[in-house]
1. In peptide B:3-12, what is the residue-averaged number of other protein chain Cβ atoms found within 10 Å of each Cβ?
2. Per residue of B:58-71, what is the mean number of Cβ atoms on other protein chains within 10 angstrom of that residue's Cβ?
3. What is the spin-label model distance, in nm, from A:L37 to A:E170 if the labels are put 7 Å beyond Cα along the C-beta direction?
4. Could you name the lysines in cross-link range of B:K45, using Cα to Cα under 21 Å and dropping any fewer than eight places away on the same chain?
5. Put +1 on the Cβ of every Lys and Arg and -1 on every Asp and Glu Cβ in chain B; which of B:Y54, B:Q68, B:F79 then has its Cα farthest towards the positive end of the dipole?
6. Give the A-B buried accessible area in Å², both sides summed, 1.4 Å probe, nearest 100.
7. What accessible area per residue, rounded to a whole number of Å², is obtained for chain B using a probe radius of 1.4 Å?
8. Heavy atoms only, 1.4 Å probe, whole protein assembly: order B:M70, B:M15 by accessible area, highest first.
Amino acid sequence: MLLETPEPVLPHAHLEELYLSTFPRVAAFVKSMQGNLEDARDIFQDALVIYLEKAQRGQLAVYQSEQSYLLGIVKHLWIRKFRRDAPKVSLDDAEQTINLEDAYFPLVNETRLLQILEQSGKRCLDLLRAFYYQNLSMKKIAAFLGFKSERSATVQKYKCLEKLRNVVKEKSISYEEFFE
Amino acid sequence: MRNSLNEIREAEQFMLGKMSPGDQLLYQARTLTHPGLRQRLRLLKRVYRWSGLYHRQQLKQDICQLEQRMFSHPDYQSFQNQIQTIFK
């Protein structure tokens with residue numbers, strides 16, 4: 001159970017502002033590609049996830065504006081999802097430099113794997129997420145997740161690595177089923 | 001336990017690209033001759049990826065909550081109208 005929540009990468013007000021300022025442009029783009037509102041909502045959510053993760057990692061290279069950058073991510077996602085549309089999507093110079101790593105795209109069975117890991121080790125996932133992806137110090141993680149000390153949290157992180165591996169083993173899941 | 005924690009810390013430094021180029025090469029060389037190190041690094045990479053999947057899932061849930069509100073709450077009526085117009 002979280003005792004406190006870490007500060008969000010972008011406050012809700014900023015996210016809301018991104019929706020208000022950028023979603024109409026995304027909607028217009030999706031409409032031009034013969035997509036519908038649901039397509040636009042889905043793809044904008046995915047683009048925001050990528051945008052937030054890049055922001056957390058300090059990987060944003062915003063040449064023009066946040067809105068343009070987000071639209072660029074949307075275009076790349078559209079091309080990835082609908083490869084036949086690639087010739088129809090024009091990318092300006094800045095948009096062409098946007099890189100979407102393969103890590104952002106789950107493989108077919110990863111959803112199932114994640115469900116299993118979440119059922120058996122949600123607290124571990126929260127801890128590892130906080131350390132690897134939210135860039136929180138072990139001191140903050142200890143406070144957020146209710147550990148007695150920084151050292152306790154560090155030891156727990158080590159145990160979590162082993163636990164998640166054992167969960168996969170116990171469920172007789174071959175990792176290779178998912179990835180290799 | 002302390003040695004294991006140090007090994008994990010070192011593997012993390014390598015995986016996250018936080019070592020100097022020289023240290024990276026040395027560590028990489030060590031993994032070639034130490035199966036235990038290699039296994040530990042492999043586990044760490046897998047767990048790192050799983051954590052990333054979980055992180056993105058949680059981010060998406062947060063975004064969905066906000067988005068649901070923006071597409072249904074009366075406070076955002078003009079935004080909703082604007083979007084509806086685009087898809088008419």
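The values are calculated or read from the model by the stated rules, or taken from the named source; none is laboratory data. Since this is a predicted model, take the numbers as computed values, not measurements. Counting neighbours? That spans all protein chains shown, and the Cβs are built from the backbone with ideal geometry, glycine included. Surface accessibility is based on the protein's heavy atoms, side chains included, excluding ligands, DNA and RNA. Shrake-Rupley method; radii C 1.70, N 1.55, O 1.52, S 1.80 Å.
1. For this peptide, the per-residue mean of nearby foreign Cβ atoms is 2.
2. Numbers: counts 6, 13, 5, 1, 7, 11, 2, 1, 7, 8, 1, 3, 6, 4.
Mean shielding by partner chains, rounded to a whole number: 5.
3. 4.5 nm
4. Cross-link targets: A:K54, A:K122, A:K157, A:K159, A:K163, A:K169, A:K171, B:K18.
5. B:Y54
6. Chains A and B together bury approximately 4700 Å².
7. Ligands and nucleic acids excluded, the result is 59 Å² per residue.
8. From most exposed to least exposed: B:M15, B:M70.
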